[in-house]
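One structure is given here, and the rest of the page talks about it.
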Amino acid sequence: MPAHTIPVVGRPFARFAALVGGLTPDAALTALRGRTLGPAHLVPGQGVTAEEWSDIEAAGAGAVTADPFLCREPVRVGVHQRDPRNVLIADLEPVTDHHWRAAIVIHPESAPLADRDNGTAHVPGMVEVEVGLQTAMAVAEQYLLPRPGAFDFTSNRVEIAFEAFMFPLQAVVELHADRVAWSGPEVLELDATAQIHQGGRRVMTMRFRSQAFERGLLAGLERERADAVLTRTTDPTFLEQR
């Protein structure tokens, strides 16, 4: 009997596994240790950790074949995440001038999945949004700004088009800088387009209008505007005008 391909995806994507005849790591280990899994070729999807895949390979030795786990290098600069489980992109690299690509890597305990269950088999759209934002911030920090760590990234306009479902399998994100300009030595202006591709198909497009402010400048702007909002939301004179 020929081996059939079985995707193994993280626990947050159990509905996808049930839909396509896949497995979660726990289910795969149970089947392998109980010798209830017939000839199969296992493929790691999103939400599977290196440790889980190592256990699966050990349990399936001699019984099934498996693709190697892809050891990717998470992006550590510019994504503004303290917990590495919340970093959704890896292997960021330039493709051509003003064009970059990164692999999407979703940890089963990442923040966008921590308390979100929309009852579907596809990846929640908020994960895709965070992928786009992290890519734009990382590209700006690593490739466009003169002094890493000295600027703060903000976006004042984002347009999103979800063109197809993204599923918990291998996918990439690409970002193109449509316009890069300095409105002064302290402010970088960036118009960019991020696209997620999976299986040869574009599944999401985000268009950004963003700015990176020198840190001291942004702190001053935030203080001024925070004081103004505090006044408008607490001063009885302003409240009576509603």
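Going by the conditions given, is ALA228 closer than 16 Å to ARG157 by Cβ and free of Cβ contacts under 8 Å to residues at least 12 places away in the same chain? Judged against the criteria, ALA228 is not a match. For region 24-58, residues that are more than 30 Å from the chain's Cα centre (by Cα) and in contact (Cβ under 8 Å) with a residue 12 or more places away in the chain total 6. For region 62-88, filtering for residues that are part of a loop (DSSP other than H, G, I, E, B), touching a Leu at 6+ places or on another chain (Cβ under 9 Å) and of a type in the set (Gly, Ala, Ser) leaves 2.
Looking at this structure, is GLU163 more than 15 Å from ILE89 (Cβ to Cβ), at pLDDT 95 or above and touching a Lys or Arg at 6+ places or on another chain (Cβ under 7 Å)? In short, yes. Within region 108-134, if we keep just the residues that are surrounded by 15 or more Cβ atoms within 10 Å (Cβ to Cβ) and either in contact with a strand residue (DSSP E or B) (Cβ under 8 Å, 6 or more places away or on another chain) or among the basic types (Lys, Arg) (or both), the residue that is farthest from ARG76 (Cα to Cα) turns out to be GLY125.
The numbered conditions (1) out of contact with any strand residue (DSSP E or B) (no Cβ under 6 Å at 6 or more places or on another chain); (2) surrounded by 11 or more Cβ atoms within 10 Å (Cβ to Cβ); (3) part of a helix (DSSP H, G or I) are all true for MET137 except (1). The single condition among (1) crowded, with 17+ Cβ neighbours inside 10 Å; (2) over 22 Å from THR24 (Cα atoms) that ALA66 does not satisfy is (2).
Looking at ARG157, ARG147, just one residue is part of a loop (DSSP other than H, G, I, E, B) and either among the small types (Gly, Ala, Ser) or loosely packed, with under 14 Cβ neighbours inside 10 Å (or both), and that residue is ARG147.
Residue count for region 44-61 under the criterion of being in a helix (DSSP H, G or I) and either of a type outside the set (A, V, I, L, M, F, W, C) or in contact with a Pro (Cβ under 6 Å, 6 or more places away or on another chain) (or both): the result is 7. For region 173-208, what are the residues that are modelled with pLDDT under 95, assigned to a strand (DSSP E or B) and open to solvent by 80 Å² or more (accessible area, probe 1.4 Å)? Within region 173-208, TRP182 is the sole residue that qualifies.
The values are calculated or read from the model by the stated rules, or taken from the named source; none is laboratory data. Here the structure is a predicted model, which means the values were calculated and not measured. Glycine also receives a Cβ, built like all others from the backbone with ideal geometry; neighbour counts cover every protein chain displayed. All accessible areas refer to the heavy atoms of the entire protein, side chains included, with ligands and DNA or RNA removed. Shrake-Rupley method; radii C 1.70, N 1.55, O 1.52, S 1.80 Å.
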